[in-house]
Amino acid sequence: MLREGRLIAVSPHFNDAAASCAGLLAARPDSTVLTVYSGMPLLAGHVSDADRSRGFTSGRQAVQARHALSDRALSLLGVRSAQMDLLDGQYLVSGEEGRLTGALAAALSALRPRVILMPLGLGRAAYVRVSDACLTIRALFQRVEWITYEEVADGEPGVVQERLASLLRRHILASPIDVAAQVDMARARDRARAARNCLAGNIDEAALPAAAAQGAHHSERYWRLSWRRDQIA
């Protein structure tokens, strides 16, 4: 049974969690989406090649568009939002990745979760970094239930199996969990559909990962994490 209480969904970028977990989030009004890479670029005129190709004239304009779309999608889901304000890799002038683990621990501690919903770590390097950071700080949240979600991502065939095998080598067991059987997904269906259509309909405008366009038809999959050392102890 999925634990009751405050659920915090860790989203590497704006809309990653909303695109991947819309049904579960809409069914849990106690949820908050914590976006990691939500910071505003420091250089006002800087624009990355990726942002320029999508019609943005500056990184700040791109982040503002993504933030606005995120607010719209999360409002449709009926959940809260929080940001860590770290800079996405395309906006970094000097290395900021070293801040990730400590900043994530502090942000989650302030939100006092009962359930942490974290990315499995598929495809993009940022997904893997955030997933690994969650696993690193897990010892600080022993009484929290850890659930990982499969991101909407452009992954090679077998990428899920490779990631699960990687976790197993670290003595982390991932057991599939049927969330739909544990929460009232039917009542949340309309909210989830509206949020996914919002994201898919604004894919070019908001510069979401290309695979997020699949969100309107995404089949949500979740895994409950457990640590072998806990079972031995």
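The values are calculated or read from the model by the stated rules, or taken from the named source; none is laboratory data. From a predicted model like this one, the values you see are computed outputs, not experimental measurements. All Cβ positions, glycine included, derive from the backbone under ideal geometry; neighbour counts span all protein chains shown. For the accessible areas, the whole protein counts, side chains as well, though only heavy atoms, and no ligand, DNA or RNA atoms are used. Shrake-Rupley method; radii C 1.70, N 1.55, O 1.52, S 1.80 Å.
Miscellaneous remarks
- Residue with peak Gaussian network fluctuation, the chain [Cα springs, cutoff 10 Å], from Glu145, Glu220, Glu162: Glu162
- Summed side-chain charge close to Glu145 - residues other than Glu145 whose Cβ falls under 9 Å, Lys, Arg +1, Asp, Glu -1: +4
- Cα long-axis angle, helix 59-77 against the chain (0 to 90 degrees, to the nearest 10): 50 degrees
- If the segment from Arg228 to Asp71 were pulled out straight at 0.36 nm per residue, it would be longer than the present Cα-Cα gap by 52.7 nm.
- Within-15-Å neighbourhood charge of Glu220 [Cβ basis; K, R +1; D, E -1]: +2
- Accessible surface ranking that places the most exposed of Ser109, Ser20 first, with a 1.4 angstrom probe: Ser109, Ser20
- Rounded to 10°, Cα long-axis angle of helix 100-111 versus longest principal axis of the chain: 70 degrees
- For Ser81, distant residues with modelled amide H under 5 Å away: Val33
- Note that region 55-207 presents 49 Å² accessible area per residue, ligands and nucleic acids not counted, probe 1.4 Å.
- Extension gain, Ala186 to Ala106: 0.36 nm times the residue separation minus the Cα-Cα distance gives 25.4 nm.
- Gaussian network model of the chain, springs between alpha carbon atoms under 10 Å - residue of Leu104, Leu43, Leu86 with greatest fluctuation: Leu43
- Counting only alpha carbon atoms, the long axis of helix 16-27 and the longest principal axis of the chain meet at about 50°.
- Between Ser166 and Thr57, the FRET efficiency estimated from the beta carbon spacing at R0 = 25 angstrom works out to 0.05.
- Dipole orientation for region 119-159: of the candidates Ile137, Gly123, Pro157, Ile137 has the Cα lying most toward the positive pole (charges on Cβ; Lys, Arg +1; Asp, Glu -1).
- When Rg and Dmax of the Cα atoms in Å is calculated for this entry, the matching label among (1) 17.0, 55; (2) 15.9, 55; (3) 16.8, 59 is (1).
- Spacing of the modelled spin labels on Glu156 and Ser175, each 7 Å from Cα toward Cβ, amounts to 3.1 nm.
- Region 19-140 shape via C-alpha gyration tensor axes, a/c threshold 1.5: oblate
- Fraction of accessible area attributable to carbon and sulfur, the chain (%, probe 1.4 Å): 50 percent
- Point-charge dipole on Cβ atoms (K/R +1, D/E -1) for the chain, about Cα centre, debye to 20: 660 debye
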